[in-house]
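Heads up: the structure comes next, in structure tokens.
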Amino acid sequence: MILGSVFAEGHSNNSLFQEANPTHRFYPTFTNRLLREEFRKKGVEINTADVNAKRPIDFELHIEGRVLQPGQVPRFLVALENPIINPLNADAEYFAGFRRVFTWNPGFARLPNVKEVGCPNHFVIPRWPGYGEREIFSCLINANKRFKTEPPNDLYVERVAVIRWYEQNAPLEFELYGLGWNKPRHGSGMVGRMKRRAQRLATQLFGYRPFPSWKGEVADKSSVLLKAKFAYCYENIYGLTGYVTEKIFDSLMYGCVPVYWGADDVGSRIPPECFVDRRDFRDTAAVHAHLLSMSAKEHARKQQAIREFLGSKRAEKYSSEYFVRTIVEEVTAEMGAEMTTGETIARNQQARSRT
């Protein structure tokens, strides 16, 4: 049995593989659980590092870039987070410390140890209601977040712009869901922080609602997306080649036509017929006018294009199964070569003799 330790921020005691994610309440763990099961089938056991603390391990698997401690065992990295949030996920020198790096970023495909993967999605496609059966015209499902320092391609602020436009201009044709919208937006600087404190106090004392379109948190996005005709799906930044996350796929899976803004090459990854490209419009008012003009027949054509895409090889590259298969095959191939050299066997024998 080959033994691996998994390092993931905020996780211990194998919480990464529990059905309910204690660290991120609304982040499904299907992919993590599938990864552990597929490794097991190959004779590989993976646990969070604390579970393996007193056992000699054969490799480390790091989920997102992190400061590394000295070590001798082979290391592997899954780098999916936006590099503005985690700069190590776009650091070629840092990547050199790993046997394999799995990333969506095609800019590093030239490196011999880098394998390109898509952000994984658990594709479960139910029966889709048609246009007339969907009672919500448009929606947005995201947490209320911001960058500490706003980059020029920040889309957190654009999400708020969408929300505010609808609240002021078409409140009956938009619903907001997600964590944190019952609280005021985080402000920057002294004035911003003071304004947020005042608004927080108003919410507590007078029932002030900083985002009137907010309908609450949602444990299962399908409960909203199966009812919505359109969903605003904005990444946290725009212009990153290859950075296509679950946001658009969540909408596609439930037959809800996405309004997408994010990766600059999204049209080469997902057929343009499947979504509304926000870059084609001047502002939210123009987007909304376009959505209003879309007939039930045109909406149905988009749903058909979505269904065809989700059943294609192009979509498979963004599935949990493809993601897991790629990692398991690459890691076990590397570890198989490692084990045949006898280096790992000798190292483990030494470790066992010390315990």
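What is the sum of charges, Lys and Arg at +1 and Asp and Glu at -1, for the other residues whose Cβ falls under 11 Å from the Cβ of L292? Before the final figure, lay out the partial values.
Numbers: positive: K229; negative: E173.
Within the 11 Å Cβ shell, the charges total 0.
Per residue, segment 224-333 exposes 37 Å² of accessible surface when a 1.4 Å probe is rolled over the protein heavy atoms with every protein chain present. Over all directions, the projected convex hull of the C-alpha atoms in segment 112-169 averages 8.3 nm² in area. For the chain, the antiparallel share of DSSP beta bridges with both residues in that region comes to about 5%. For segment 261-307, the convex hull spanned by the alpha carbon atoms encloses 66 Å³ per residue.
Computed over protein heavy atoms with a 1.4 Å probe, the carbon and sulfur contribution to the accessible area of segment 34-102 reaches 50%.
Once the Cβ-Cβ distance of A333 and E273 is raised to the sixth power relative to R0 = 35 Å, the FRET efficiency obtained is 0.40. Using the 1.4 Å probe convention, the accessible area of segment 113-181 works out to 47 Å² per residue with neighbouring protein chains retained. Between helix 296-310 and the chain there is an angle of about 0 degrees, using the helix long axis and the longest principal axis of the Cα atoms. Only DSSP H runs of four or more residues enter the estimate; each adds -39500 (n - 2.57), and after division by the residues of the chain the mean residue ellipticity at 222 nm equals -10500 deg cm²/dmol. In degrees, nearest 10, range 0 to 90: what is the angle between the Cα axis of helix 30-41 and the longest Cα principal axis of the chain? That helix lies at roughly 20 degrees to the long axis.
All Cα-Cα distances of the chain, cut into 10 Å bins from zero to the largest, leave 5, 22, 30, 23, 14, 6, 1, 0 percent in each bin in turn.
Each 10 Å bin from zero holds the following percent of Cα-Cα pairs in segment 248-333: 15, 42, 27, 11, 4, 0.
Could you compute the FRET efficiency for A96 and V124, with r as their C-beta to C-beta distance and R0 at 35 Å, rounded to 0.05?
On the way: r = 38 Å, r/R0 = 1.09.
The calculated FRET efficiency here is 0.40.
The angle between the Cα long axis of helix 284-293 and the main principal axis of the chain comes to about 80°, on a 0 to 90 degree scale.
Per-residue counts of other Cβ atoms within 10 Å, averaged by peptide: what ranking do you get for 226-234, 146-154, highest first? Intermediate values should be presented prior to the final figure.
Values: 226-234: 24.0, 146-154: 12.4.
Top of the packing list down: 226-234, 146-154.
Each Lys or Arg adds one and each Asp or Glu takes one away; over the other residues whose Cβ falls under 14 Å from the Cβ of K227, this sums to -1. Taking the Kirkwood radius as Rh and the Cα radius of gyration as Rg, segment 48-155 has a ratio of Rg/Rh equal to 1.11.
The values are calculated or read from the model by the stated rules, or taken from the named source; none is laboratory data. Source: prediction; values computed, not measured. Positions of Cβ are backbone-derived with ideal geometry, glycine not excepted, and every protein chain shown enters the neighbour counts. Keep in mind that these areas ignore ligands, DNA and RNA; they rest on the heavy atoms of the full protein, side chains included. Shrake-Rupley method; radii C 1.70, N 1.55, O 1.52, S 1.80 Å.
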